[in-house]
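**Q** Dropping the structure in here first, questions after.
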Amino acid sequence: MSELYTLVEGGQYLIENFDEFLTLLREHIILVLVSELAAITVAVPLGVIAVRYNRLKSSILSVGNVAQTIPTLAVIALAFPIFGLGFNSAVIALFVYALLPILTNTIAGLEQVDENTIEAAEGMGMTKWEVLRKIQLPMALPVIFAGIRTSVVITVGTAYLAFFIGGGGLGVWVISGINLFNTPQILAGAIPGALLAITLDSVFAFIEHQIGGEGHHDQSIATG
Amino acid sequence: MIKFDNVTKIYADSTVAIRDISFEVAEGTTTVLVGPSGCGKTTTMKLVNRLEDPTEGAVYYDGTNTQEIGVTELRRDIGYVIQEIGLFNHMTVGENVATVPKLKGWDDGQIDDRVDKLLELMALSPEEYRDQYPRELSGGQRQRVGVARALAADPDVLLMDEPFGALDPITRADLQDEFLEIQAEINTTILFVTHSIDEALKMGDKIVIFDVGELVQYDTPRNILENPNSEFVRDFVGEDITLKKLSLINVDEIMRPTNVIEDTTDQDSKTAVTNGGEVMHHLAPGDSLKSALSTFVESDIQSLPVVEDEETIGVIDRDEIYEIYNGG
Ligand SMILES: Nc1ncnc2c1ncn2[C@@H]1O[C@H](COP(=O)(O)OP(=O)(O)O)[C@@H](O)[C@H]1O
Ligand SMILES: [Mg+2]
């Protein structure tokens with residue numbers, strides 16, 4: 001019963017501080033959005049380069065892997081002497097974390113495209129660039145998108161740590177709540193974040209289905 | 001149209017795929033490359049559209065060394081049906097067929113018309129199939145789309161790498177027959193690859209027989225059957241040489257034409273086909289002598305009428321076929 005009571009208290013805390021909540025939620029979403037956009041902009045072309053120039057692949061992948069193994073707090077600690085306290089450092093740290101899932105999926109997605117399909121395209125007189133743009137990327141899109149989805153869900157969680165360098169977001173409530181033993185405040189910050197992650201995941205799953213399975217999709221309808 | 005001049009291809013791992021190959025594909029004819037798996041057929045094909053370049057010798061396209069033609073330009077002028085079909089699964093059938101016309105910058109209306117025309121040519125109703133995805137099609141239908149796609153921009157040359165290889169025998173025979181009709185209509189220069197000697201004999205004006213990396217015999221189907229130049233070719237052609245030869249000759253090549261009067265009320269020609277409502281044995285001008293022979297055996301009649309559009313246009317005697325059969 002006391003857990004339920006705490007939950008109700010959390011709800012009360014949220015309602016009483018609703019304006020602050022909206023500000024924190026907005027900061028949280030913007031952190032995720034900006035760092036994801038940056039990660040997509042960097043990881044997709046990097047994946048393309050890795051597949052195109054096979055010699056670079058292992059170096060690119062190992063940079064991505066190393067980035068992933070550095071503890072988030074360490075990245076934050078590294079980022080803030082360079083970029084200062086605040087939003088920028090937080091975005092940089094989140095960006096580093098968001099990269100790997102997109103990068104690995106871009107590479108996997110491009111590599112899984114059937115070699116014969118590529119050969120047919122080349123044989124029909126497509127240039128390397130046309131093959132990439134018209135055949136490889138569209139065919140890899142569902143896999144790349146799945147990587148973005150994973151990355152977004154991870155980033156929603158990681159963004160709580162932005163608090164440590166003054167990046168704002170829902171982490172403000174959760175981490176100061178931990179320091180103050182204020183459980184309702186912790187819940188009021190944590191549960192919306194979890195809901196945000198679940199919502200984004202479902203939205204992305206829906207889009208992924210739309211772009212991924214046209215062929216499969218029609219067929220499943222056709223065959224009942 | 002295509003000429004191989006002492007061409008050798010050695011891959012980077014020093015595999016010798018073909019050695020010192022020379023042959024020609026004359027304009028408007030079909031030349032079939034046939035040989036066991038791994039003998040260099042696909043490599044030969046890829047040397048034409050420069051997916052591979054020769055190590056030694058030269059390949060000529062319409063009199064020009066392919067090395068002097070831009071790769072992209074060359075490939076867009078040559079239709080290519082690859083062994084594994086390689087349809088673009090993320091595109092509809094219509095978009096697949098439209099690929100090369102789009103690359104060549106045709107306008108949309110022209111492309112749409114062309115796509116419909118080709119789907120019709122390949123016996124796929126445009127209304128039904130244009131907007132389907134390749135996954136929804138059967139193997140035979142996919143192969144038809146592959147051929148339609150290769151023919152889309154009206155290529156001067158068509159390369160077909162074991163196009164019917166993965167199909168069941170009945171679908172394969174149907175597609176072969178249809179394709180022969182289409183070829184008679186479009187008159188493209190074709191280089192066709194197969195590992196089946198029967199398919200080679202059926203489809204080719206000329207046949208190139210490969211042993212591993214080497215050209216063994218380059219000849220007409222009939223000469224290959226009548227004068228195999230080596231043990232390898234004899235083995236490759238296999239049993240039933242005479243029957244195979246009969247399958248190369250059509251009924252209309254040896255029938256005695258009857259003087260048909262242009263008169264639709266001519267009762268004689270009708271009675272040749274039906275007798276008291278029952279269809280009597282008869283032949284069609286496009287039947288091979290092999291199938292004619294089987295009709296003779298079934299019917300046990302000395303001579304049979306050749307019927308086209310319910311009119312008797314000729315007569316053929318069983319003995320004439322026997323003569324060819326025994327004549328070697
Ligand atoms: N890209 C390649 N690199 C090295 N060897 C190859 C390559 N492509 C084909 N080969 C080899 O060349 C030979 C001929 O192959 P191929 O032309 O595909 O034969 P076919 O089409 O008659 O089966 C085979 O031994 C094959 O393993
Ligand atoms: Mg092959």
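The values are calculated or read from the model by the stated rules, or taken from the named source; none is laboratory data. Every value quoted in this text rests on a predicted model; they were computed, and no experiment measured them. Note: ideal-geometry Cβ built from the backbone for every residue, glycine included; neighbour counts use all protein chains shown. Note: accessible area is taken over every heavy atom of the protein model, side chains too, but ligands, DNA and RNA are not part of it. Shrake-Rupley method; radii C 1.70, N 1.55, O 1.52, S 1.80 Å.
**Q** When only alpha-carbon atoms are used, what values of Rg and Dmax, in angstrom, describe region B:2-238?
**A** Gyration radius and largest Cα-Cα distance of region B:2-238: 17.8, 55 Å.
**Q** How would A:Trp129, B:Trp106, A:Trp173 line up by accessible area, probe 1.4 Å, largest first?
**A** Numbers: A:Trp129 155, B:Trp106 65, A:Trp173 0 Å².
Ranked from most to least accessible, the order is A:Trp129, B:Trp106, A:Trp173.
**Q** Towards the positive end of the charge dipole of chain B, with charges on Cβ (+1 Lys, Arg; -1 Asp, Glu), say which of B:Thr55, B:Val145, B:Leu248 has the farthest Cα.
**A** After comparing all options, I get B:Thr55.
**Q** So, one more: What percent antiparallel are the DSSP beta bridges of region B:2-238, to the nearest 5?
**A** Numbers: 18 of 36 bridges.
Taking every DSSP beta bridge with both residues in region B:2-238, the antiparallel ones total about 50 percent.
**Q** Still on this structure, please answer the following. I want the local charge near B:Val71. Using Cβ-Cβ distances under 10 Å, sum +1 for each Lys or Arg and -1 for each Asp or Glu among the other residues. If you can, show how the numbers build up before the last one.
**A** Details: positive: B:Arg50, B:Arg75, B:Arg76; negative: A:Glu122, B:Asp53, B:Glu73.
Net charge around B:Val71: 0.
**Q** Tell me, what is the 1.4 Å probe accessible area of B:Ile111, in Å² to the nearest 10?
**A** Approximately 10 Å² of B:Ile111 is accessible to the 1.4 Å probe.
**Q** Could I ask something else about it? If you fit an axis through the alpha-carbon atoms of helix B:169-186 and take the longest principal axis of the Cα set of chain B, what angle between them do you get, 0 to 90°, nearest 10?
**A** 80 degrees
**Q** Another one. How high is the FRET efficiency from A:Arg26 to A:Val63, r the C-beta distance, R0 45 Å, rounded to 0.05? Write out the running numbers ahead of the final one.
**A** On the way: r = 32 Å, r/R0 = 0.72.
Here the calculated transfer efficiency is 0.90.
**Q** Could you give the dipole magnitude of region A:2-223 about its Cα centre, charging the beta-carbon of Lys and Arg +1 and that of Asp and Glu -1, in debye to the nearest 20?
**A** On the way: 8 positive and 17 negative charges, 146 e Å.
So the dipole magnitude of region A:2-223 works out to roughly 700 debye.
**Q** Here is a further query. Compute the long axis of helix A:54-69 from its Cα atoms, compare it with the longest principal axis of the Cα atoms of chain A, and write down the angle in degrees, 0 to 90, nearest 10.
**A** The two axes meet at around 10 degrees.
**Q** Could you tell me the relative contact order of chain B? Use alpha-carbon pairs under 8 Å, at least six residues apart, and round to a whole percent. Don't skip to the answer; put the middle values down first.
**A** Details: 566 pairs, mean separation 59.3, N = 328.
Relative CO of chain B lands at 18 percent.
**Q** Full extension from A:Ala194 to A:Asp114: what is 0.36 nm times the residue separation minus their Cα-Cα distance, to one decimal in nm?
**A** On the way: separation 80, 0.36 × 80 = 28.80 nm, distance 3.79 nm.
Working it through step by step, the gained length comes to 25.0 nm.
**Q** Give the shape of chain A as rounded, prolate or oblate, defined through the alpha-carbon gyration tensor: a ≥ b ≥ c are the square roots of its eigenvalues, a/c under 1.5 means rounded, and otherwise the shape is prolate if a/b is larger than b/c and oblate if not.
**A** oblate
**Q** What number, in percent, do you get for the relative contact order of chain A if the mean sequence gap of Cα pairs under 8 Å and at least 6 apart is divided by its residue count? The partial results should precede the final answer.
**A** Numbers: 267 pairs, mean separation 61.5, N = 224.
Once normalised by length, the contact order is 27 percent.
**Q** Per-residue accessible area for A:Glu111 at 1.4 Å probe radius, Å² rounded to 10?
**A** 90 Å²
**Q** May I ask what percent, to the nearest 5, of DSSP beta bridges between residues of the protein assembly as shown are antiparallel?
**A** Here the antiparallel bridges make up roughly 60 percent for the protein assembly as shown.
**Q** Which three extents, in whole angstrom, do the alpha-carbon atoms of region A:36-81 cover along their principal axes, largest first?
**A** 35, 22, 15
**Q** Sticking with this one: Using the crude model of +1 on Lys and Arg Cβ and -1 on Asp and Glu Cβ, and no other charge, please compute the dipole size for chain B relative to its Cα centre, in debye to 20. Mind dumping the intermediate values first?
**A** Details: 28 positive and 63 negative charges, 263 e Å.
The dipole magnitude comes to about 1260 debye.
**Q** Right, another one. Angle, helix B:139-151 long axis vs. longest principal axis of chain B, Cα atoms, 0 to 90°, nearest 10?
**A** Its long axis makes an angle of about 70 degrees.
**Q** Whole-Hz Karplus ³J(HN,Hα) for region B:29-42, in order, using 6.51 cos²θ - 1.76 cosθ + 1.60 and θ = phi - 60°, x for Gly and Pro?
**A** So the J values, rounded to whole Hz, are 10, 10, 10, 10, 8, 9, x, x, 4, x, 8, x, 5, 4.
**Q** Run the dipole for the protein assembly as shown about the Cα centre, Lys and Arg Cβ at +1, Asp and Glu Cβ at -1, nothing else charged, and hand back the magnitude in debye, nearest 20.
**A** Numbers: 36 positive and 80 negative charges, 707 e Å.
Rounded to the nearest 20 debye, it is 3400 debye.
**Q** Please give the net charge around B:Arg114, taking every other residue with its beta carbon less than 15 angstrom from that of B:Arg114, where Lys and Arg add +1 and Asp and Glu add -1.
**A** Details: positive: B:Arg76, B:Lys102, B:Lys104, B:Lys117, B:Arg130, B:Arg149; negative: B:Glu95, B:Asp107, B:Asp108, B:Asp112, B:Asp113, B:Asp116, B:Glu120, B:Asp154.
Here the charged neighbours net out to -2.
**Q** Spin-label point model (7 Å from Cα, Cβ direction): what's the B:Glu24 to A:Glu16 distance in nm?
**A** 9.8 nm
**Q** With a 1.4 Å probe and every protein chain left in place, tell me how much accessible area B:Lys206 has, in Å² to the nearest 10.
**A** 70 Å²
**Q** I'd like the FRET efficiency for B:Asp319 and B:Glu239, computed as 1/(1 + (r/R0)^6) with the beta carbon distance as r and R0 of 25 Å, rounded to 0.05.
**A** On the way: r = 25 Å, r/R0 = 0.98.
FRET efficiency, B:Asp319 to B:Glu239: 0.55.
**Q** Report, in listed order, any pair from A:Lys134/B:Lys104; A:Lys128/B:Lys206; B:Lys3/B:Lys41; B:Lys46/B:Lys104 with a Cα-Cα distance greater than 25 Å. Intermediate results must be reported in sequence, preceding the final value.
**A** Details: A:Lys134/B:Lys104 15 Å; A:Lys128/B:Lys206 35 Å; B:Lys3/B:Lys41 15 Å; B:Lys46/B:Lys104 21 Å.
The pairs that break the limit, which is 25 Å between Cα atoms, are A:Lys128/B:Lys206.
**Q** Let me ask you something else. Ordering B:Phe210, A:Phe206, A:Phe164 by accessible area with a probe of 1.4 Å, largest first, what comes out? List each step's numbers first, then the result.
**A** On the way: B:Phe210 0, A:Phe206 130, A:Phe164 105 Å².
Heavy-atom accessible area, descending, gives A:Phe206, A:Phe164, B:Phe210.
**Q** Please tell me the relative contact order of region B:151-256 in percent, rounded to the nearest whole number, where contacts are Cα pairs under 8 Å and at least six residues apart.
**A** Details: 88 pairs, mean separation 21.2, N = 106.
RCO, region B:151-256: 20 percent.
**Q** Is the protein assembly as shown best put as rounded, prolate or oblate by its Cα gyration tensor, with a ≥ b ≥ c the root eigenvalues, rounded for a/c under 1.5, and otherwise prolate when a/b is larger than b/c, oblate when not? Show your work: numbers first, answer last.
**A** Details: a/c = 3.77, a/b = 2.35, b/c = 1.61.
Prolate, because a/c is 1.5 or more and a/b exceeds b/c.
**Q** May I pose another question? Report the calculated FRET efficiency for B:His281 and B:Asn6 (r = Cβ-Cβ distance, R0 = 56 Å), to the nearest 0.05.
**A** 0.60
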